[in-house]
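Take a look at the structure below.
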Amino acid sequence: MEQFIYYLKVSLISIRRAPLPYALTIFILSVGLGVFFANATFYYQLNSDPLPEKSDKLFFPMLNLVPYECSTDCRTPRVLSYSNVEKLSQTDIPSQAAAMYSADGYLRQRADQTPLPVSIRITQRDFFAMFDVPVLHGSIWPDNSARPEVILTKATAQKLFGKSDVVGEKLLLDDRNVTVSAVLDDWQMLPRLYDANNRNHLSEADDIYLPLETGYDMNYLSNSQSQTFDDTDYRQLSTQGRTGALHQLQYWVKLDTPAQQQAYRQFMTNLVQDEKAAGRHPSPPNNQLVAMRDIVSYFGGDSSDIKAFALVTLLFLLVCLFNASHLSLNRYLSNQYEFSLRRALGASRSQLQLQMLADVLIMALFTITGALLTGYGGIKLMNNLLPANRLFSDWDLTLLLGLLTVAVICSYLVTLYPSLRASFGSLNQQLKE
Amino acid sequence: MITLTNLSKIFRTELIETHALRDISLQINEGEFAALTGPSGSGKSTLLNILGTLEQFDDGDYQLDGKSVKGLSDAALSKLRNEKIGFIFQSFNLIKDFSIYDNIELPLRYRGLKPAQRKQRIEQALELVGLHARRSYLPSQLSGGQQQRVAIARAIAGQPRILLADEPTGNLDSLMARQVMELLEQINQQGCTILMVTHDPDQARRAGRHIQIIDGQLSDAVLYDPLAAQSA
């Protein structure tokens, strides 16, 4: 240890000899790494798996069950009708299942108050268990039947009541009476893969949760994606929405084993065959069962702008590495005499490599500091340029450790070649000069 | 102590081969003070570098303390240099932003000595060269003669078996050169073997043995006198 502290001291003395080229090397490396860090943050967060334990067990089934025969575009609709969901629910193969959509509404405690605009997730009981939603107070609805009960997020409860424990409180949701049955703890699934349509997975979680049947009874139409294939008046959702061809529901099932997944696929095939036999499925079969981890790419929601940035910043980092390495080489070659002297006095190449490690450590410390500052500034800039990705700009421990590792590797690469060149120089020539 | 047998060294470029040393056979015994002389380009520095394992040779054999250095790994050669050989260079080769103490400590650090052992050896060496009071000075704060005495202290602090000095007084005036020579003689009297490259006939005469090299070959032991060579 004492020897390594000595190596650190020697490194600092060496920096003091030529501080400007050293500072320039650190600056170039910090800028390259900082820009890379900023982009890597978004890339990592956008491509992270929010439920790694179950993302291969949650599936999104889609049926081409529409009342017309397609001729050109036979893609399966991304959303399902109420009756299709009912048909898909007529099996106990999935251990959990939940249909859902989102809508906008206004919430207040009393009619004389200014209403609070809220986003509503209209869903079923299993939603909360499937996506690991934490409950702070109260309990989730006992079944999927209609009930005038809402579940609030902690933030919404505090906004309305100034506290979080508000179970049993009465509210007006678009001027209809509802009761608070539960309050959720802080929760933000990122990316929000259960709602990947139209890149909604990039947005924040909803404010309140309403039972699906109640949502239909209250005539809430989807605010994100809906398709209709007949001329029914869907403003009367509570009556005609349940039987007509309005497609607005996303449906998720939990299939725990490959056998369950295979069985569910077979169930969907049989369902389509029955529908075709009954004359209700004029289009060719095109069933889809997409795993949650693949849903964004299936919907074409990959962030191509971030991917393009990733490539550009990687190239920029390589250019910075090359330049920093060149500067470092000049610095080491100007110190080659000292390397030769140390070797003549008995330092082996491996001892010189330890000296190099001390150089790497110091360079990494400076570089990491500079890169984190530059990266932080870069994230702020990208949040202004691409506000849709704003939620994905946080650093977690895994990401930080990864970034620190990249910085140390870059510092090592910038130091490795120059130091090897310097330590393999001709001893006698350097010492004679 | 040092035995060279038919040692040769060739410098090669794309166009020419230069035979720097040809069939050198030489024995240097323990405790000797030998002067190595010869005209510029005769191969004396090359020979000194090979003896110091700073340079490889092509043919022949070099044995130090009865063991051949041929084929030794980088780590083994480094250990050999660190433990058995002390270097004194013409241009001192002190690290300018290290204190005198830190400069002398350099080879001792690579030997892995404990701080107390290093301190003891450094202080003994500083005492011998008479610079104990200036241990915290930087080299630039010392005269040329004092800097060379620091270099000698660095060389002897490791208690080497042989001291290789490449024109140690070449950059010094006559007074300082005489002081350095007296110091080397004192070190030799304490039992350390010394091989010194020099152009100065007076210094060569002061050594107990004179080895002359011309055109890469050992010559008869006649003192090479550059003034005589010029007039001839």
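The values are calculated or read from the model by the stated rules, or taken from the named source; none is laboratory data. This one's a predicted model, so the numbers in the text were calculated from it and none came from an experiment. Because the Cβ atoms are built from the backbone with ideal geometry, glycine has one as well, and the counts that use them run over all protein chains shown.
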Task: One residue from A:Ser83, A:Ser95, A:Ser30 being in the same structural domain as A:Asp359 (by TED's automatic domain parsing) and among the polar types (S, T, N, Q) - done: A:Ser30
Open item on the list: Here's a check for you: in the range A:394-427, which residue that is small (Gly, Ala, Ser) and under 26 Å from the mean Cα position of the chain (by Cα) is farthest from A:Leu318 (Cα to Cα)?
Closed with: A:Gly402
Open item on the list: So, in the range B:80-106, exactly how many residues are within 7 Å of another protein chain (Cβ to nearest Cβ) and either more than 20 Å from B:Glu167 (Cβ to Cβ) or surrounded by fewer than 17 Cβ atoms within 10 Å (Cβ to Cβ) (or both)?
Closed with: 4
Task: Residue satisfying condition, being under 15 Å from B:Asn82 (Cα atoms), away from chain A (no Cβ under 13 Å) and free of Cβ contacts under 8 Å to residues at least 40 places away in the same chain, within set B:Arg121, B:Arg109 - done: B:Arg121
- [ ] Those residues that are farther than 14 Å from A:Pro67 by Cβ and in contact with a strand residue (DSSP E or B) (Cβ under 9 Å, 6 or more places away or on another chain), I need them from the range A:229-239; list them, please.
- [x] A:Tyr234, A:Leu237
Open item on the list: So if I check each of A:Thr369, A:Thr405, A:Thr398, which one is modelled with pLDDT under 90 and in the same structural domain as A:Pro19 (by TED's automatic domain parsing)?
Closed with: A:Thr398
Task: Members of the range A:25-51 that are closer than 30 Å to A:Leu193 by Cβ, more than 15 Å from the chain's Cα centre (by Cα) and β-branched (Val, Ile, Thr) - done: A:Val35
Open item on the list: For the condition of a type outside the set (Lys, Arg), within 13 Å of chain A (Cβ to nearest Cβ), surrounded by fewer than 18 Cβ atoms within 10 Å (Cβ to Cβ) and touching a Leu at 6+ places or on another chain (Cβ under 8 Å), what is the one hit in B:Leu164, B:Leu138, B:Leu72?
Closed with: B:Leu72
TODO: For B:Asp59, work out the one condition from (1) closer than 24 Å to B:Leu36 by Cα; (2) in contact with a Ser or Thr (Cβ under 9 Å, 6 or more places away or on another chain); (3) within 10 Å of chain A (Cβ to nearest Cβ); (4) not polar (S, T, N, Q) it doesn't fulfil.
DONE: (3)
- [ ] Kindly indicate whether A:Asn330 is under 19 Å from the mean Cα position of the chain (by Cα), modelled with pLDDT under 90 and surrounded by fewer than 23 Cβ atoms within 10 Å (Cβ to Cβ).
- [x] no
- [ ] Return yes when B:Leu48 is farther than 22 Å from B:Glu185 by Cα and within 14 Å of chain A (Cβ to nearest Cβ) and no when it is not.
- [x] no
Task: Contacts under 7 angstrom Cβ, first residue in the range A:152-180 being buried (at least 17 other Cβ atoms within 10 Å of the Cβ), partner of a type in the set (S, T, N, Q), 6 or more apart - done: A:Lys154/A:Ser164; A:Ala157/A:Ser164; A:Leu160/A:Gln109; A:Ser164/A:Gln158; A:Val167/A:Ser181; A:Leu171/A:Gln109
Open item on the list: I need a count of the residues in the range A:1-40 that are away from every other protein chain (no Cβ under 14 Å), crowded, with 18+ Cβ neighbours inside 10 Å and not hydrophobic (A, V, I, L, M, F, W, C).
Closed with: 6
TODO: Output yes when any residue across the range B:144-151 is within 13 Å of chain A (Cβ to nearest Cβ) and of a type in the set (Gly, Ala, Ser), and no when none is.
DONE: yes
Open item on the list: So if I check each of A:Arg349, A:Arg343, A:Arg390, which one is among the charged types (D, E, K, R), within 14 Å of chain B (Cβ to nearest Cβ) and surrounded by fewer than 20 Cβ atoms within 10 Å (Cβ to Cβ)?
Closed with: A:Arg349
Open item on the list: Can you find a residue that is more than 14 Å from chain A (Cβ to nearest Cβ) and at positive phi anywhere in the range B:195-203?
Closed with: no
TODO: May I ask you to list the residues in the range A:41-64 that are at pLDDT below 90 and surrounded by 22 or more Cβ atoms within 10 Å (Cβ to Cβ)?
DONE: A:Thr41, A:Phe42, A:Leu63
